[in-house]
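J.: Below are the structure tokens for one structure; questions will follow.
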Amino acid sequence: MTLWVPLLLPLLGAFLLLAFKSYRVVVRTALAIGVVEVLLLGNCAWKVHADGVLRQGRYLRADGLTLLFLLNLALIFVVVLAYSAGYLRHIPKGRFSSPRWYYALLFLFLFTMIAAYLAANLGMLWIAIEATTLASALLVGFYNTKGAVEAGWKYLMVCTVGIAFAMFGTIALYLAAVRGGIPADAALDWTALMSSAPSMAGARDLVKLAFVFVVVGYGTKIGFVPMHSWLPDAHAEAPAPISAMLSAALLNCAMYALLRWNAITARAVGVGFSHTLLLTFGALSLLVAAFLMIVQRNLKRLLAYSSIEHMGIVALGVGIGGPLGLFGAFLHAFNHSLAKTLLFFTTGRIRDTFATLRMDRIRGMGRAIPFTSAALIVGGVAIVGLPPFGLFVSEFAILMAAFTGSHYLLAGLMLIAFSIGFGALLYHFQRMLTGEPKAPHTVSKLPASEVAAICLCSACLLILGLRVPLAFVSVIHGAMAVLQ
Amino acid sequence: MMLAVDSIQILLLIAVAPLLRGIVSRVKARIQNRRGASVFRPYADLWKLFRKEALVPPTASFLFRACPVVLFAATVAAAAFVPVLRSSSLLGNTGDFVLLVYLLALARFFLVLGAMDGGSSFGGMGASREALVSTLAEAPLLLGLIAIAIVSHSASIASMTQWTIARMPFELSPVHAFAFVAFAMVIIAETGRVPVDNPTTHLELTMIHEAMVLEYSGPSLALIEWAGAIKLTLMFSMLIALFVPWGIAANLSFFGILIAVVAFLLKMAVLIVLLAALESGVAKLRMYLVPEYLGVACALSVLAVVFTAFAR
Amino acid sequence: MGLIEFAAAKTLASSAVFLFITVLLIAATKRTVACIALFSAQCGIITAQIVAVAFLRHSGEAFAVAIIVLLVKVVAIPYVLLRIANRLKLSPNVTAATTPAQSAFIGAGLILLAFAVVQPYARAFALDSEMLAAATAIVLTGGLLMVSRRMALMQVIGLLVLENGIFLLAMSTTFGMPLVIEMGVFFDLLIWVLLMGVFIFRIRETFAHVDVSRLRRLRG
């Protein structure tokens, strides 16, 4: 019961919301369902923390890894919901572009991500990840402008091709598992695969082939270079809260899938192969994204490339391995989601005030919208990895793991990429924040919900930067234990 | 005895050819919701044409009257290659498939010569179009036959048929499948049927074969029409003999021959209906698309040849 | 039931050939409707294969999968595609970067490439190399369609052909995955086609064309 209800509630809520017409009723119902959902997720997390592993039926399962990511999802969803309540007054009319469709699709999106986290079976995981693409495509194209439609099209095409590759990888692993003696109807089950993984060593070539395809496939959803072409477009053209959901929640969801696969492959054919692949993709994403950040002109595209860079860092952390590397990777995924959400929330107000997101046309933010500028500064400092915010701790952990594991080249590359990223962001933000505000600009009233959402994100980042709470550390250790 | 059967085979082909054309037209008419002419109309046409006077353009040379005769002779000689009732034919064991293809090419060459000799602009236009189509159609035809020859380890049509009979029915090999599709596409091009050429049109934009024979009249035209009908019959028979020959008489018993005749008529009937349906359902291709059509046939036949390397 | 098993075995043995022919014709076709019909025929051949497998292994699950494939891929998805093609009112021709004959030769090349790639795996796992090669050739043809065709609907068909190939790979190696997974996969595919339809119409509304090679506003 604990697992079924939080899974099905967003789905039912989505359909329920489609039935209403009035804007206020929709917003209030959505908020109510959202609060209930978060409470249910919290309950589920509490049970997992107490009992270890929860199983329900053949297809639902929650363990330590699920716990960490579900907490992440719940937190992001709370702030996104709060922000959306004030944001929706901007939405133009269209066939799928009304507030009730927004909330319905948002809940559908949430449903698919929870389904991915609770999947006990690699096949169900695949179905859920594909469903996240489908659920979020209409959200990406929400504004129905030329850019949004093109971005939505590219997103659907590229991600579906990638997921098709992941399907091939899943099939190859299924074949290897069946050949290795696992009974056919349990050959995609996580627990069965983890316990019988060494028996697949006979088909190691097939397992390696499967993992390569899965890295390419799920890597497309994560945004690894060179499969990243959809990411800047989709994150830039979507509405601000949806960009936050995409960057913060969806990329983590795809990374979660890759982590599960990494664990199985490492058990079956040894740690070297999978880690090498992850390190390659991570380093490539990190460097390419850092360089591309310098030449960006659109604020949201800049933030999207920053997401690619940070996902590269997470992959590097997992690839370097060891307790410190893995800890750093998990903490980094969590911190990055908070910081990126914060930054995307500021873009909404910036666009509202200056009617553009081109950074060379925005001047004098500091004087026109002081609260948002402060939020932007906080987010910017956080995202480049400076103390006192959380990303400093996680990046430091990963760097230390690199140095202690003698990955000197990697550590050097990371430091270079961090510096480049820092320089790019400093340059762009400084130009936007200083100077005289360019006309025309209108300053509208700042909704309280937006203030609350931004303050919550900043507070969490600060806490995680100053002193990671012990309870949270134990959650991360639980997640790490699942993957060993 | 064998000689007698083989002679009957070729006489049958020659005699039945106009009937085949008549049946195709009748079925096509029925599909298009018309009543259609009698199936024996081509015989009546031939009878009429043989009794008429042949008019020769004043600028034509001796070629103009000789070409229909050569065309007819070459087509009949080609018809001697094809096994119908028995897995051998009059020339089936002496000549090979290359000779067959080039006998047909000889026939076509003389038709083109005669058309150009006639001196009219339609003749020249039809000749150039026909030259294009036949050049492009030769490659898939040869390659398809080569593929089957490689697989059956022989060069004569008769032994190819014997090899195919010795295999199990429903033993579908990629070589045969590709060669079959390529062959079917080439047959449509070689015999001048929709979608490559419309045999009943007289519009300048769409004529290929009809343009070449526009100047002919009397017995010459009769020979050309009859040769065209024989060509259609012989290509269909070749298709049946190479790909679905089961039913052909293994020995010379009366019963075997009877079954062979019935089987042949059944398969021909199926092919006729398919051809009529195709002609009624598909529009004629524009001239610049015909090379593309034949290019696809060529790709299929190339694949057939390459697949012989994988044959098990 | 000797006759049925014989027929099933023959179906399995010969379907690879038909699939190769559909691969070539899909690459070479010049009309959108013909492409959709060929896709439907390809799915029909795959359904026949699944039924043959169901008979040979006496598996009720395989029957269920066959019925789902029939309903979703042979009937529902081509119907949706045809409706989209009709409502778009575009020219019936496929604008391709290559002529039909060239595409046919490229398709033939892909088939040979598929055979070459598949040989080591077929030997290592004792599988039927013809079926594996057919599946790989279908995947490659789907990729070819996606890359060389400019109309948005053709890209959709290309990806559907690619998924067809991957599904065939699954079937020929493992004789099918658990039923629930298969159902989820097909459901996803159907929803994807519907979403693509929505997006194609949106592209048409905002851009006034459906030529994806001209969607180049977002770069860099």
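J.: Considering B:L214, B:L252, B:L221, which residue is modelled with pLDDT of 90 or more and either more than 18 Å from B:V16 (Cβ to Cβ) or surrounded by fewer than 20 Cβ atoms within 10 Å (Cβ to Cβ) (or both)?
T.: B:L221
J.: Filter the stretch B:290-310 down to the residues that are surrounded by fewer than 17 Cβ atoms within 10 Å (Cβ to Cβ) and either within 17 Å of B:A189 (Cα to Cα) or more than 8 Å from every other protein chain (Cβ to nearest Cβ) (or both) and list them by number.
T.: B:A309
J.: So in the stretch A:327-349, with the set limited to residues that are of a type outside the set (F, W, Y) and surrounded by fewer than 24 Cβ atoms within 10 Å (Cβ to Cβ), which one is nearest to A:L279 (Cα to Cα)?
T.: Ranking the qualifying residues of the stretch A:327-349, first place goes to A:T347.
J.: Additional query: Taking the condition aliphatic (A, V, I, L, M), at negative phi and without any contact (Cβ under 8 Å) to a residue 24 or more places away in the chain, does C:L145 pass?
T.: Numbers: aliphatic (A, V, I, L, M): yes; at negative phi: yes; without any contact (Cβ under 8 Å) to a residue 24 or more places away in the chain: no.
Criteria not met by C:L145.
J.: So, one more: Is there any pair with a first residue in the stretch C:1-24 that is within 11 Å of another protein chain (Cβ to nearest Cβ) and a second that is charged (D, E, K, R) whose Cβ atoms are under 7 Å apart and which are 6 or more apart or on different chains, and what are they?
T.: Listed pairs, sorted by first residue: C:A16/C:E130.
J.: Counting just the residues of the stretch C:120-134 that are facing chain A (nearest Cβ under 10 Å), closer than 15 Å to A:D205 by Cα and surrounded by 15 or more Cβ atoms within 10 Å (Cβ to Cβ), which one comes out modelled with the highest pLDDT?
T.: C:Y121
J.: Take the stretch C:56-112 and flag every residue that is in a loop (DSSP other than H, G, I, E, B), in contact with a helix residue (DSSP H, G or I) (Cβ under 7 Å, 6 or more places away or on another chain) and surrounded by fewer than 19 Cβ atoms within 10 Å (Cβ to Cβ).
T.: Step one: of the stretch C:56-112, the residues in a loop (DSSP other than H, G, I, E, B) are C:58-59, C:89-92, C:94-95, C:97-99.
Now drop any that are not in contact with a helix residue (DSSP H, G or I) (Cβ under 7 Å, 6 or more places away or on another chain), which leaves C:92, C:94, C:97-99.
The answer is C:P92, C:A97, C:T98, C:T99.
J.: So which of B:A139, B:A107, B:A155 ends up being surrounded by 21 or more Cβ atoms within 10 Å (Cβ to Cβ) and touching a residue at least 24 places away in the same chain (Cβ under 8 Å)? Steps first, answer last, please.
T.: Working: B:A139 fails: surrounded by 21 or more Cβ atoms within 10 Å (Cβ to Cβ); B:A155 fails: surrounded by 21 or more Cβ atoms within 10 Å (Cβ to Cβ).
Being surrounded by 21 or more Cβ atoms within 10 Å (Cβ to Cβ) and touching a residue at least 24 places away in the same chain (Cβ under 8 Å) holds for just one of B:A139, B:A107, B:A155, which is B:A107.
J.: Scanning the stretch A:97-106 for residues that are more than 16 Å from the chain's Cα centre (by Cα) and either in a helix (DSSP H, G or I) or within 10 Å of another protein chain (Cβ to nearest Cβ) (or both), which turns out nearest to A:A187 (Cα to Cα)?
T.: So the residue we want is A:L105.
J.: In the stretch B:95-121, how many residues are part of a loop (DSSP other than H, G, I, E, B) and small (G, A, S)?
T.: First pass over the stretch B:95-121, keeping only residues part of a loop (DSSP other than H, G, I, E, B): B:95-96, B:119-120.
Of the ones still in play, those that are also small (G, A, S) are B:95, B:119-120.
Looking only at that region, the number is 3.
J.: Being buried (at least 17 other Cβ atoms within 10 Å of the Cβ), of a type in the set (G, A, S) and farther than 30 Å from B:A4 by Cβ is the requirement here; does B:A177 meet it?
T.: Details: buried (at least 17 other Cβ atoms within 10 Å of the Cβ): yes; of a type in the set (G, A, S): yes; farther than 30 Å from B:A4 by Cβ: yes.
It is true that B:A177 is buried (at least 17 other Cβ atoms within 10 Å of the Cβ), of a type in the set (G, A, S) and farther than 30 Å from B:A4 by Cβ.
J.: Can you work out which of the residues in the stretch C:40-50 that are surrounded by fewer than 21 Cβ atoms within 10 Å (Cβ to Cβ) and more than 17 Å from C:D128 (Cβ to Cβ) is farthest from the chain's Cα centre (by Cα)?
T.: Looking at residues that are surrounded by fewer than 21 Cβ atoms within 10 Å (Cβ to Cβ) and more than 17 Å from C:D128 (Cβ to Cβ), I get C:T47.
J.: Buried (at least 21 other Cβ atoms within 10 Å of the Cβ), more than 14 Å from every other protein chain (Cβ to nearest Cβ), at negative phi and in contact with a strand residue (DSSP E or B) (Cβ under 8 Å, 6 or more places away or on another chain): does that describe B:I208?
T.: Taking the combined requirement at face value, the residue does not satisfy it.
J.: Also, quick follow-up: Only one residue in A:L410, A:L399 is more than 19 Å from the chain's Cα centre (by Cα), surrounded by fewer than 24 Cβ atoms within 10 Å (Cβ to Cβ) and part of a helix (DSSP H, G or I), so which one is that?
T.: A:L410
J.: Among the numbered conditions (1) within 19 Å of A:Y218 (Cβ to Cβ); (2) among the charged types (D, E, K, R); (3) part of a loop (DSSP other than H, G, I, E, B), tell me where A:R58 comes up short.
T.: Checking A:R58 against (1) within 19 Å of A:Y218 (Cβ to Cβ); (2) among the charged types (D, E, K, R); (3) part of a loop (DSSP other than H, G, I, E, B), the one that fails is (1).
J.: For the stretch A:228-241, which residues satisfy the criterion of being out of contact with any strand residue (DSSP E or B) (no Cβ under 6 Å at 6 or more places or on another chain) and either within 12 Å of chain C (Cβ to nearest Cβ) or in a helix (DSSP H, G or I) (or both)? Lay out the reasoning, then the answer.
T.: Filtering the stretch A:228-241 down to residues out of contact with any strand residue (DSSP E or B) (no Cβ under 6 Å at 6 or more places or on another chain) leaves A:228-235, A:237-241.
Hits for the stretch A:228-241 are A:S229, A:W230, A:L231, A:P232, A:D233, A:A234, A:H235, A:E237, A:A240, A:P241.
J.: Here's another thing I want to ask about it. Would a scan of the stretch A:146-163 turn up a residue that is among the hydroxyl-bearing types (S, T, Y) and more than 22 Å from C:G197 (Cβ to Cβ)?
T.: No, the stretch A:146-163 contains no residue that is among the hydroxyl-bearing types (S, T, Y) and more than 22 Å from C:G197 (Cβ to Cβ).
J.: So C:N164 fits all but one of (1) at the interface with another protein chain (Cβ under 9 Å from one of its Cβ atoms); (2) under 15 Å from A:T160 (Cβ atoms); (3) not hydroxyl-bearing (S, T, Y); what number is the exception?
T.: All conditions are met except number (1).
J.: Does B:L258 fit the bill of being more than 14 Å from chain C (Cβ to nearest Cβ), surrounded by fewer than 23 Cβ atoms within 10 Å (Cβ to Cβ), in a helix (DSSP H, G or I) and touching a strand residue (DSSP E or B) at 6+ places or on another chain (Cβ under 9 Å)?
T.: yes
J.: Kindly list the number of the only condition in (1) at the interface with another protein chain (Cβ under 8 Å from one of its Cβ atoms); (2) buried (at least 18 other Cβ atoms within 10 Å of the Cβ) that fails for C:I191.
T.: Of everything listed in (1) at the interface with another protein chain (Cβ under 8 Å from one of its Cβ atoms); (2) buried (at least 18 other Cβ atoms within 10 Å of the Cβ), C:I191 misses just condition (2).
J.: Would you mind telling me which numbered condition in (1) over 17 Å from the mean Cα position of the chain (by Cα); (2) crowded, with 21+ Cβ neighbours inside 10 Å; (3) assigned to a helix (DSSP H, G or I) C:N164 fails?
T.: Evaluating C:N164 over (1) over 17 Å from the mean Cα position of the chain (by Cα); (2) crowded, with 21+ Cβ neighbours inside 10 Å; (3) assigned to a helix (DSSP H, G or I) leaves (1) as the failure.
J.: Every residue in the stretch B:263-289 that is within 12 Å of another protein chain (Cβ to nearest Cβ) and either more than 24 Å from C:A27 (Cα to Cα) or in contact (Cβ under 8 Å) with a residue 40 or more places away in the chain (or both), please.
T.: B:V282, B:A283, B:L285
J.: Scan B:V69, B:V39, B:V76 and give me the residue that is among the β-branched types (V, I, T), in contact (Cβ under 8 Å) with a residue 40 or more places away in the chain and under 24 Å from B:L265 (Cβ atoms).
T.: Result: B:V76 is the single residue among B:V69, B:V39, B:V76 that is among the β-branched types (V, I, T), in contact (Cβ under 8 Å) with a residue 40 or more places away in the chain and under 24 Å from B:L265 (Cβ atoms).
J.: Among (1) within 14 Å of another protein chain (Cβ to nearest Cβ); (2) crowded, with 24+ Cβ neighbours inside 10 Å, which single condition is A:M245 missing?
T.: (1)
J.: Can you tell me how many residues within the stretch C:53-91 are in contact with a Cys (Cβ under 9 Å, 6 or more places away or on another chain) and polar (S, T, N, Q)?
T.: Summing the residues that are in contact with a Cys (Cβ under 9 Å, 6 or more places away or on another chain) and polar (S, T, N, Q) in the stretch C:53-91 gives 0.
J.: Let me ask something else. Answer yes or no: is there a residue in the stretch B:15-25 that is in a helix (DSSP H, G or I), touching a Gly at 6+ places or on another chain (Cβ under 8 Å), modelled with pLDDT of 90 or more and surrounded by fewer than 18 Cβ atoms within 10 Å (Cβ to Cβ).
T.: No, the conditions are met nowhere in the stretch B:15-25.
J.: Can you give me the number of residues within the stretch C:135-161 that are surrounded by fewer than 23 Cβ atoms within 10 Å (Cβ to Cβ) and basic (K, R)?
T.: Qualifying residue count for the region: 1.
The values are calculated or read from the model by the stated rules, or taken from the named source; none is laboratory data. Computed from a predicted model, the values in this text were never measured in an experiment. All Cβ positions, glycine included, derive from the backbone under ideal geometry; neighbour counts span all protein chains shown.
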